[in-house]
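The values are calculated or read from the model by the stated rules, or taken from the named source; none is laboratory data. Keep in mind it's a predicted model, so treat the numbers as computed, not measured. Neighbour counts run over all protein chains shown; Cβ positions are idealised from the backbone, glycine included.
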Amino acid sequence: MSISVSNINKRFGGFTALDNVSLDFPSGQLVALLGPSGCGKTTLLRIIAGLERADSGEVFLEGANASALHVREREVGFVFQHYALFRHMTVFDNVAFGLRVKPRDQRPSDAEIRRKVRDLLQLVQLDWLADRYPAQLSGGQRQRIALARALAVEPRVLLLDEPFGALDAKVRKELRRWLRQLHDELHITSIFVTHDQEEALEVADRVVLMDHGRVEQVGTPDEVYDHPASPFVYGFLGSVNLFHGRVDGQALRVGEHALELGAHDLAHDASAVGYVRPHEVQLLRDDGLVDGGLPATVLRITSSGALATVELSRPESPGERVEVTVFRDTLRQIGVGEGDRVRLKPLRVRVFPAEAAASSNSSAAAPLAA
Amino acid sequence: MASIALAAPAPQARRGFSTLLKRKHSVLPGFSLALGYSVIYLALVVLIPLAAVFLKSSTLGWEGFWNATTQPRVLASFKLSFGASLIAAAINVVFGLIFAWVLVRYRFPGKRLIDALIDLPFALPTAVAGIALATLYANNGWVGSVLAPLGVEVAYTPLGVLVALVFIGLPFVVRTVQPVLEDLEAEVEEAAACLGANRWQTFSKVIVPYLTPALLTGFALAFARAVGEYGSVIFIAGNMPMVSEIMPLMIITKLEQYDYAGATAIAVVMLIASFVLLLLINVLQAWTQRSHQRI
Amino acid sequence: MAGSAAQSIARSWFSAPDVSRRRLATSEPFWVRAVLIALALAFFGLFLLLPLAAVFAEAFKKGWSAYAAGVVHPDALAAIKLTLLVAATAVPLNLVFGVAAAWAIAKFEFRGKQLLTTLIDLPFSVSPVISGLIYILLFGAQGWFGPLLETYDVKIVFAVPGIVLATVFVTFPFVARELIPLMQAQGSDEEEASVVLGASGWTTFRTVTLPNIKWGLLYGVILCNARAMGEFGAVSVVSGHIRGLTNTLPLQVEILYNEYNFVAAFAVASLLALLALLTLGVKSFIEWRTARAGSGGNSGQQNQFIERGQP
């Protein structure tokens with residue numbers, strides 16, 4: 001079942017939570033709403049659920065306008081960030097709640113409720129906890145019970161607010177794989193909110209990136225990672241090096257050096273910033289024979305596992321740092337150590353106008369070099 | 001274990017009182033002084049005088065005690081005190097919940113004033129409350145003159161006792177329920193709504209069970225206070241033997257007749273009831289706290 | 001038109017807090033809110049406001065001069081003096097006890113702590129009449145120490161010492177029960193730091209503990225004082241009702257009322273009602289003060305609210 005929202009606006013006092021947001025969520029997909037805190041993603045989720053009313057704009061469920069429907073009538077499953085389990089009820093009663101409050105003529109029989117709850121508890125692999133109270137469960141177990149409770153009423157869509165936010169790192173990783181598997185089994189249209197880019201990229205079919213109440217980019221995880229549409233998205237999805245310069249045909253002039261650019265639509269001599277991911281830079285030993293690239297000096301090398309992070313400074317702008325990630329083997333082969341002079345050859349540079357880059361800095365995860 | 005305990009007996013014995021009681025060492029000074037003073041003061045002011053009641057009543061013997069507490073007039077006062085207190089506490093649970101609900105959930109003119117004045121029955125001396133209620137509900141009073149033509153007599157009847165006890169018990173329920181209601185996360189109610197529960201179902205199946213320990217605690221507190229209440233009741237009660245005499249008044253009546261043993265026997269019954277209630281309240285409060293631990 | 005305007009005003013007055021923002025899914029229909037608020041207001045008016053108003057209305061029923069005559073009557077003035085004396089004795093005694101007990105209970109771990117905490121609350125669950133009775137049983141003519149006291153011609157019951165004792169008993173827990181949870185919540189890190197830095201126990205208490213508990217202390221003292229000045233049942237049993245000698249203000253109210261001297265009774269009662277209002281005012285102020293101190297602008301929390309859409 002598809003969901004779409006059109007021209008949603010929402011303000012809290014002087015704070016704009018959502019600024020004319022329109023989105024389509026295709027049927028059967030698992031979509032992540034990703035963005036920094038305060039970007040409006042949770043508000044959008046709550047508006048879709050009917051827990052919040054938009055100042056203007058519409059919500060469509062399966063093509064029908066659901067804006068005026070009460071949350072009870074929208075048939076959405078909502079999993080709260082802190083689960084909101086009923087603490088005075090057992091796990092079984094929690095999951096059965098949605099079935100037991102149905103109007104008498106639609107309410108399943110007791111036996112049917114029992115069977116259904118058992119099935120759901122089996123689905124979330126916690127049928128042995130039926131008689132426990134929420135306080136007796138671990139965080140990961142509560143999360144799965146909250147999900148089972150939401151699924152019990154056979155919702156048309158599943159909405160999850162920071163579903164892994166309150167869990168520790170290890171459980172979080174396990175649970176998100178499990179959620180992906182569960183979604184592959186059920187194929188229920190699902191939206192989940194997260195501020196963790198790794199989580200969004202790993203679990204979702206599609207990622208919606210939001211900032212300051214606006215949608216910055218929509219796409220598959222690969223699309224948004226490989227082709228970020230804005231400086232914000234670039235900065236938010238992983239680390240990035242920034243090189244300030246001017247556009248000169250198919251190159252970006254940084255000081256007296258030039259970086260090769262792909263296709264771009266910036267005017268000649270426009271002030272621009274080149275965005276380069278740490279792993280998309282070739283590191284060459286500066287033995288006086290290398291042609292092109294930016295000269296730099298290795299400050300520090302830190303290794304973790306197979307990879308090494310090389311921190312460098314450029315003589316032209318000594319205050320800035322450049323970060324490059326390479327395999328430790330590669331580093332050994334080219335024979336570069338701390339204090340050595342090297343040349344940096346970015347393999348892929350994406351340019352944005354300088355103004356766009358400056359305005360995104362306030363909210364994006366801090367780029368490596370400002 | 002035993003060998004460890006035997007290893008260092010000497011310094012322990014020397015440091016005495018403090019080490020005997022203390023489970024954990026602390027660098028802070030003043031433990032012996034503070035605890036010693038507290039315990040002695042508590043014993044002198046509270047424990048020894050209370051013990052006097054039980055010792056005095058034991059001089060009556062079992063038969064004397066039974067005779068003193070089963071006189072028809074005394075039994076009638078038991079019935080009135082416990083009965084009116086139960087009804088008053090029940091009324092307070094209903095209105096206490098309404099007050100807590102509107103104070104926590106709604107915005108309306110005068111809300112802050114109400115929130116502050118809810119404690120009036122705590123702060124207003126009981127004698128003042130007593131004469132004010134008696135005057136209001138007398139047949140020529142502001143309220144009494146409205147009720148009298150309807151055939152409802154409040155002052156100088158058991159109904160008057162009830163009115164005074166409702167007055168005195170209200171803050172107990174409000175102040176027990178209010179913080180618990182404030183603590184109830186909005187998400188829990190939203191979860192119920194998402195699952196299709198209507199407002200009444202959410203209230204009865206989610207909110208009320210959550211508030212139950214607090215409501216019961218408030219009920220027990222209001223009841224305990226009502227059973228012992230004296231000042232606010234005697235002016236409006238009329239104090240007719242067999243009809244509107246409460247237990248504390250029976251004690252005073254016996255004292256005025258120099259029947260110290262009889263007064264003490266009634267006091268023992270009331271004290272036992274109080275201690276049972278105190279125990280119950282402690283259990284309920286522990287339950288309230290436990291069920292509010294955030295999950 | 002007028003009707004709808006009135007209703008919209010009513011809606012904005014009797015609304016759930018920030019309906020549009022917070023509880024869209026979980027607020028009650030307008031009529032439910034209105035009925036509940038109306039019930040609360042009616043009950044409040046009938047049971048709390050009306051008795052309070054009646055005190056002042058009756059006191060001024062025969063004008064200002066009758067009121068003043070009631071208040072400045074020598075017996076009333078003697079009662080005021082005795083009431084102040086009793087409170088000035090009982091409150092400091094229980095203050096010292098409260099601080100000592102809270103220090104022992106909150107800052108140390110020891111056996112029997114739970115029992116001690118429960119015993120401190122005991123006087124609250126004892127009927128005021130019994131609180132007076134116990135001292136009659138101890139110090140009365142037929143009491144344990146009665147003969148002894150008679151020999152040395154010391155009067156306790158039906159005299160001022162008995163009134164003080166009974167008042168100490170009924171106000172016993174006020175300061176302690178206010179301080180114990182407060183000091184437990186604060187822990188003893190700051191005191192330990194002070195001791196480690198070389199401060200003596202008294203200096204630590206004066207410069208570290210006291211500033212932290214001053215509002216709680218004041219709160220307890222205010223409530224203790226209100227009860228000490230207003231206690232009726234316990235004092236009534238031990239006082240003997242000797243005019244000008246052993247009558248506190250509440251007892252004076254009773255005597256005047258029973259003599260059908262209503263204006264004077266309510267005039268004296270109005271003094272006690274003013275004390276109650278003053279107590280509630282100071283209490284509300286302290287609550288407002290501590291609530292404000294507790295929620296000093298935490299920007300992190302603010303963000304979370306916005307993120308969750310729940311201010």
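Here are a few things to note about the model shown:
- Only one of A:Val101, A:Val117 that is under 28 Å from A:Gly50 (Cβ atoms), aliphatic (A, V, I, L, M) and touching a residue at least 12 places away in the same chain (Cβ under 8 Å): A:Val117
- Of residues in the range B:161-192 being at the interface with another protein chain (Cβ under 7 Å from one of its Cβ atoms) and in contact with a His (Cβ under 8 Å, 6 or more places away or on another chain), the one farthest from A:Asn94 (Cα to Cα): B:Glu185
- Verdict on B:Pro241 being within 20 Å of the chain's Cα centre (by Cα), farther than 30 Å from B:Ala51 by Cβ and touching a residue at least 12 places away in the same chain (Cβ under 8 Å): no
- Residue in the range B:197-206 that is touching a residue at least 40 places away in the same chain (Cβ under 8 Å), surrounded by fewer than 24 Cβ atoms within 10 Å (Cβ to Cβ) and in a helix (DSSP H, G or I) present: no
- Residue in the range A:271-315 that is farthest from the chain's Cα centre (by Cα), counting only those that are surrounded by 14 or more Cβ atoms within 10 Å (Cβ to Cβ) and part of a loop (DSSP other than H, G, I, E, B): A:Asp286
- Residue within the range B:90-102 that is more than 22 Å from the chain's Cα centre (by Cα), part of a helix (DSSP H, G or I), within 11 Å of another protein chain (Cβ to nearest Cβ) and buried (at least 19 other Cβ atoms within 10 Å of the Cβ) present: yes
- Within the range C:47-68, residues that are farther than 8 Å from C:Phe266 by Cα have Cβ atoms under 8 Å from residues that are assigned to a helix (DSSP H, G or I) and among the polar types (S, T, N, Q) in these pairs: C:Ala54/B:Thr135; C:Tyr67/C:Ser270, counting only partners at least 6 apart in sequence or on another chain.
- For the range C:198-210, the criterion of being more than 12 Å from chain B (Cβ to nearest Cβ), surrounded by fewer than 24 Cβ atoms within 10 Å (Cβ to Cβ) and either touching a residue at least 40 places away in the same chain (Cβ under 8 Å) or within 17 Å of the chain's Cα centre (by Cα) (or both) is met by none of the residues.
- Output for the range A:63-108, where each listed residue is charged (D, E, K, R), over 27 Å from A:Gly165 (Cβ atoms) and either facing another protein chain (nearest Cβ under 9 Å) or not in a loop (DSSP other than H, G, I, E, B) (or both): A:Glu73, A:Arg100, A:Lys102
- Residues satisfying the criterion are absent from the range B:249-269 (criterion: of a type in the set (Asp, Glu) and at pLDDT 90 or above).
- Going through (1) in contact (Cβ under 8 Å) with a residue 24 or more places away in the chain; (2) part of a helix (DSSP H, G or I) one by one, A:Leu242 falls short only on (2).
- Checked across the range A:44-53, the condition of being within 17 Å of A:Thr194 (Cβ to Cβ), basic (Lys, Arg) and in contact with an Asp or Glu (Cβ under 6 Å, 6 or more places away or on another chain) holds for at least one residue.
- Residue satisfying condition, being within 9 Å of another protein chain (Cβ to nearest Cβ), modelled with pLDDT of 85 or more and assigned to a helix (DSSP H, G or I), within set B:Ala76, B:Ala34, B:Ala43: B:Ala34
- Residue list for the range C:158-197, restricted to those being of a type in the set (Gly, Ala, Ser) and either within 10 Å of chain B (Cβ to nearest Cβ) or part of a helix (DSSP H, G or I) (or both): C:Gly162, C:Ala166, C:Ala176, C:Ala185, C:Ser188, C:Ala193, C:Ser194
- Taken together, the residues in the range A:11-62 that are facing chain C (nearest Cβ under 9 Å), assigned to a strand (DSSP E or B) and among the aliphatic types (A, V, I, L, M) amount to 1.
- Among the candidates C:Gly220, C:Gly143, the residue that is in a helix (DSSP H, G or I) and surrounded by 17 or more Cβ atoms within 10 Å (Cβ to Cβ) is uniquely C:Gly220.
Results for (1) more than 25 Å from A:Tyr225 (Cβ to Cβ); (2) crowded, with 21+ Cβ neighbours inside 10 Å, shown as yes or no for each residue.
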| site | (1), (2) |
| --- | --- |
| A:Met1 | yes, no |
| A:Ile8 | yes, yes |
| A:Gly13 | yes, no |
| A:Leu23 | no, no |
| A:Pro26 | no, no |
| A:Gly40 | no, yes |
| A:Ala49 | yes, yes |
| A:Glu58 | yes, no |
| A:Glu62 | yes, no |
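- Candidate set from the range C:131-144 (those that are under 11 Å from B:Ala52 (Cα atoms) and without any contact (Cβ under 8 Å) to a residue 40 or more places away in the chain); member that is farthest from the other protein chains (Cβ to nearest Cβ): C:Phe139
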